[in-house]
1. Non-local amide H neighbours of residue 246 (under 5 Å, H modeled in plane, Pro and chain starts lacking H): which ones?
2. If R0 is 35 Å, what FRET efficiency do you get for residue 461 and residue 307 from their C-beta distance, rounded to 0.05?
3. Go ahead and collect, in residue order, the members of region 201-224 whose backbone nitrogen is under 16 Å from a label point 7 Å along the Cα-Cβ direction of residue 482.
4. Within region 193-217, name every residue whose backbone N is under 15 Å away from a label modeled 7 Å from Cα of residue 471 along the Cβ vector.
5. Could you pull out every residue, at least 5 positions away or on a different chain, whose amide H is within less than 5 Å of the one on residue 333? Hs are placed 1.01 Å off N in the peptide plane, and Pro or chain starts have none.
6. Just to make sure I understand: if all protein chains stay in place, what is the order of 119, 52 by accessible area at 1.4 Å, largest first?
7. Counting only the backbone N, which residues of region 449-485 are under 12 Å from the spot 7 Å out from the Cα of residue 259 toward its beta-carbon?
8. Which value, in Å², gives the accessible area per residue of region 270-460 when a 1.4 Å probe is used on the protein heavy atoms?
Amino acid sequence: MTAIEVLAVASEIYPLIKTGGLADVAGALPGALRPHGVKVRTLVPGYPAVRRALKRPQPVHAWDDLFGGPAQLLEGMAARLSLFVLDAPHLFDRPGGPYADAQGRDWGDNAQRFAALARVGADLGQGLAGGYAPALVHAHDWQAGLACAYLHYGGHPRPATVMTVHNLAFQGQFDRRLLASLGLPPSSFSPDGVEYYGSIGYLKAGLRLADWITTVSPTYAAEICTPEGGMGLDGLLRGRADRLSGILNGVDLNVWNPAADPLIDTPFDAEHLDLRGLNKAALQTRFGLDPDPDALLLGLVSRLSWQKGVDLLLGALPVLLAEGAQLAVLGSGEANLEAGVAAAAAAHPGRVGCVFGYDEALAHGVQAGADALLVPSRFEPCGLTQLCALRYGAVPLVARVGGLGDTVIDASPMAIAAGAATGVQFSPVNTPMLESALRRTAGLYADRTAWRRIQANGMASDVSWRTPARLYADLFRSLIAEPAG
Ligand code: ADP
Ligand code: GLC
């Protein structure tokens, strides 16, 4: 097996900078691909946190003017990741988040920021860093989408390209008048290029021009080809269905290992599930819940957004409470949803608790202490929290959509009889069906032997990157072997 070089282009990467699962995937895939002979280096923006973490940076290239200011490309290691860092202070050295300011308003120059990232990704793909010639460029989400366009219109031999969609809801659409300033030729502004309903579509460009498209679960790959799930891009995706596949995400078992997790109160494994009770007690204390070892404790670790179905959960709260359950919510996001959760906690002290914000350690604490983990998403490309939950013996209660449907085995009577059940699913995604799933979950929880079996099945299921990494490696090799397009 000859080793291959892959350049990943990503706008966030765990553990350096993260707003969601994209960072987890970008951070874990390089390590998972290494045993398959795939050497990944990742190009990321030089946000302050990334610049600080970069060890012994080596300058690779410099620009006097890259989309409005001087910039340099640095190469180095951080958190065992092999990185190229686009150090462009005018674009990336600012407080706030990677895409928006502290008030949640998108940065006004996102078009330039992520065109710059993509442009440099494409240039690296074509040999910008002397001696480095990746065989494939792997673009993650809209922020990297234009890399496929720059390579396509570059007029040079180019590496193979893969566009991975983590979430079709975020598409990166910008004013057509930017075209020339982005360095794209007039001919690129067509339905076969970067044009998307009169604008420039960064994700659209990647979906149209990449050699292959992946998304993060087989079911989401099918869903995005339908008008209901395609968010306006289903026609294009149907047309490219022969170049589209779904590869599930995994979780990094070094980060998510209940037997040796420094972020939880009491480590445990499948043979010592009783120890979870100590984590449950700690969680109840942290969230101000009644210290009741027998109450069904439901956890939610999530961005608080429409996608995640938080409003459906609030609608089902009376049933949740009637079943005697408790609810612990860790999340941040839309103001009205935060307000709804806060109001529920205020109305039901001891039964509903919440922590707003992003707290990595507490996310582990919820997984380790909750009896069940809720993921009532309206759509979910893959979802990672249910995978962590399986690993930690928190029974996932999930909407049957996207990757949630692909990773959880519903505790139907047949699945229970076959010893295969790992969680509870509901569909269609609405409050009444969530309510009935909550009742079903409470019924299962009341039978402790059955519940333990479901927990044990979940903990035994393979949520690692082993199989997904092999599928990526096989895909990359097959594309590299294709004649240049
Ligand atoms: P998405 O990327 O759509 O937000 P995923 O389930 O793929 O959803 O990934 C979410 C990631 O972010 C998981 O690693 C989860 O543990 C983490 N996460 C979400 N909200 C929080 C939070 N408030 N605090 C800590 N971690 C969080
Ligand atoms: C997106 C999706 C989520 C997925 C993650 C990583 O943020 O919303 O379902 O798990 O990307 O691929």
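The values are calculated or read from the model by the stated rules, or taken from the named source; none is laboratory data. What you see is a predicted model, and the numbers here were worked out from it, not measured in a lab. Every residue, glycine among them, receives a Cβ derived from its backbone with ideal geometry; neighbour counts consider all protein chains shown. Side chains included, ligands, DNA and RNA excluded: accessible areas come from the protein's heavy atoms. Shrake-Rupley method; radii C 1.70, N 1.55, O 1.52, S 1.80 Å.
1. So residue 246 has HN proximity to 215.
2. On the way: r = 25 Å, r/R0 = 0.70.
The pair residue 461/residue 307 has a calculated efficiency of 0.90.
3. Under 16 Å, as judged by backbone N against the label point of residue 482, lie 206-215 of region 201-224.
4. 213-217
5. 304
6. Working: 119 60, 52 180 Å².
The ranking, largest first, comes out as 52, 119.
7. Correct set: 460.
8. 36 Å²
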